[in-house]
Amino acid sequence: MKFPLPEEGTILEWKRRLVFWSGAVSVGLAAILFAVACEWADGVFHKLLVISPYLPLLITPVGIALIVYLTRKYFPGAQGSGIPQVIASLDPTESSKVREQVLSLRVMFGKIALTVVGLMCGTAVGREGPTVQIGASIMHKLGSLARFPKHDLEKGLILAGAAAGVAAAFNAPLAGIVFAIEEMSRSFEEHNSTTILMTVIIAGIASLAVLGNYSYFGHTSESMGFGKEWYVVVLCGIVGGLLGGIFSRILIEVNKKGLNGRIGAWIHEKPVAFAAVCGLLLVVVGLVSGNNTYGSGYIEAKTLVDGNSILPESYGLLKMLATAITAISGIPGGIMAPTLSAGAGFGSNIAPFFPSVPVGATIILGMVAYFTGVTQTPITAFVIVMEMTDNHEMVLPLMAAAFIAKACSRLVCPTPIYHSLSENFIYKPPPPKKDVGTQTAFIQRESD
């Protein structure tokens with residue numbers, strides 16, 4: 001029996017380590033470049049608004065229709081958030097062919113380019129969900145080059161890339177680890193924990209080296225004691241959970257294959273025309289909101305958290321509507337950042353009913369509750385917001401609001417949105433056809 005030389009094994013091991021480290025750094029740098037491009041694109045659109053608030057009546061419908069056309073023709077698998085695609089790629093019944101499609105470099109570049117173009121057209125999308133698919137694609141592709149074991153290639157590296165994407169997008173390393181465990185727990189195994197942890201750390205270091213140490217929404221020092229003030233925790237949890245569940249239920253029903261009725265048939269037969277209609281509706285919502293519902297909503301949410309906002313009272317509902325319209329249109333783009341922004345709006349609506357509670361605290365609770373209501377991932381929600389606001393004083397209220405919101409959301413939407421949407425990317429073979437001749441002969445024998 002011939003045994004491999006120690007030198008051969010050592011070289012292969014170091015090759016794998018080098019590819020692994022390079023992949024983790026690449027995820028961090030890709031997330032940074034993507035964030036810069038998205039911020040630039042959002043700035044371009046808002047400069048157009050300065051010229052005329054009615055320019056989106058032309059730019060947005062045409063832009064969304066073009067994005068949907070390009071996505072369907074050249075980048076199938078790039079539509080939507082990107083998180084359902086990663087979940088589908090981790091499904092144990094999934095074939096490597098589908099995995100190569102949704103995690104290919106071609107789809108990744110299409111995801112980046114079309115999300116940036118979408119923000120230039122005023123769509124209400126975020127970059128965080130797409131960054132998950134980008135991170136998973138990078139790690140999956142580099143892993144195949146280094147001849148990683150099949151189990152690590154199909155599970156560990158994809159999970160690690162997805163986690164690193166969240167960590168780098170929000171500059172929240174804990175949230176990246178929790179996201180991989182909670183959102184993708186069906187595929188998480190203890191064997192993958194070290195891979196995920198190391199990838200998140202390296203990607204985080206890359207982000208830290210370029211952008212420095214920052215909090216997504218800055219720093220807040222709001223806190224609240226235990227007592228009557230906790231009524232706001234319960235109310236935020238209930239309102240955010242129910243509204244988030246409604247939002248998710250709408251998206252799931254519209255995205256179901258085989259949607260019944262004439263409208264559903266028209267959506268599937270004329271996706272580009274439907275996207276143009278969605279663009280027009282998005283502009284109407286934008287005009288009603290005073291041009292505040294376009295883009296990811298990051299600036300609006302930050303001003304609410306900082307207490308410097310002059311947004312209309314209807315901002316939360318209008319942002320929720322704009323996000324739903326954008327997601328239904330079928331363009332690439334995430335819902336995480338717009339969801340946090342809408343949640344901040346709902347928190348600001350609840351704040352006046354509890355004058356003894358700091359406004360900033362109520363807004364943060366609204367963000368966690370609505371985010372949980374949409375995603376049904378309470379641990380990820382409160383960890384993300386805790387890290388993004390650099391506030392550890394609100395841990396217990398945030399946890400309580402998140403778990404109340406999840407319970408309320410499940411009353412409206414029993415299935416988590418990302419797992420439900422992932423079914424659209426999982427191949428299901430058609431049921432076997434019945435042999436009509438055999439069945440007829442059987443019935444004839446029975447009648448005889």
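The values are calculated or read from the model by the stated rules, or taken from the named source; none is laboratory data. No experiment lies behind these values; they were computed from the predicted model shown. Backbone-built Cβ (ideal geometry, glycine too); neighbour counts: all protein chains shown.
The table below gives the values:
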item	result
Filter result for PRO53 (in the same structural domain as LYS155 (by TED's automatic domain parsing), surrounded by fewer than 24 Cβ atoms within 10 Å (Cβ to Cβ), modelled with pLDDT under 95 and in contact with a helix residue (DSSP H, G or I) (Cβ under 9 Å, 6 or more places away or on another chain))	yes
THR326 being closer than 30 Å to VAL102 by Cβ and β-branched (Val, Ile, Thr)	yes
Only one of GLY77, GLY135 that is assigned by TED's automatic domain parsing to the domain that holds ILE32 and on the phi > 0 side of the Ramachandran plot	GLY77
Qualifying position, being surrounded by fewer than 24 Cβ atoms within 10 Å (Cβ to Cβ), in contact with a Gly (Cβ under 7 Å, 6 or more places away or on another chain) and not acidic (Asp, Glu), among VAL374, VAL395, VAL359	VAL359
Criterion (within 14 Å of the chain's Cα centre (by Cα), closer than 18 Å to ARG17 by Cβ and at pLDDT 60 or above) met by exactly one of ALA146, ALA168, ALA180, ALA164	ALA164
Among (1) farther than 19 Å from GLY330 by Cβ; (2) aliphatic (A, V, I, L, M); (3) buried (at least 20 other Cβ atoms within 10 Å of the Cβ) - the single one VAL285 does not satisfy	(1)
Residue that is modelled with the lowest pLDDT [pool: residues in the range 301-323 that are surrounded by fewer than 24 Cβ atoms within 10 Å (Cβ to Cβ) and not in a loop (DSSP other than H, G, I, E, B)]	ASP306
Selection status of THR415, within 21 Å of GLY82 (Cβ to Cβ) and at pLDDT 90 or above	yes
Residue check, ALA381 under 21 Å from the mean Cα position of the chain (by Cα), over 20 Å from GLY165 (Cβ atoms), part of a helix (DSSP H, G or I) and of a type in the set (A, V, I, L, M)	no
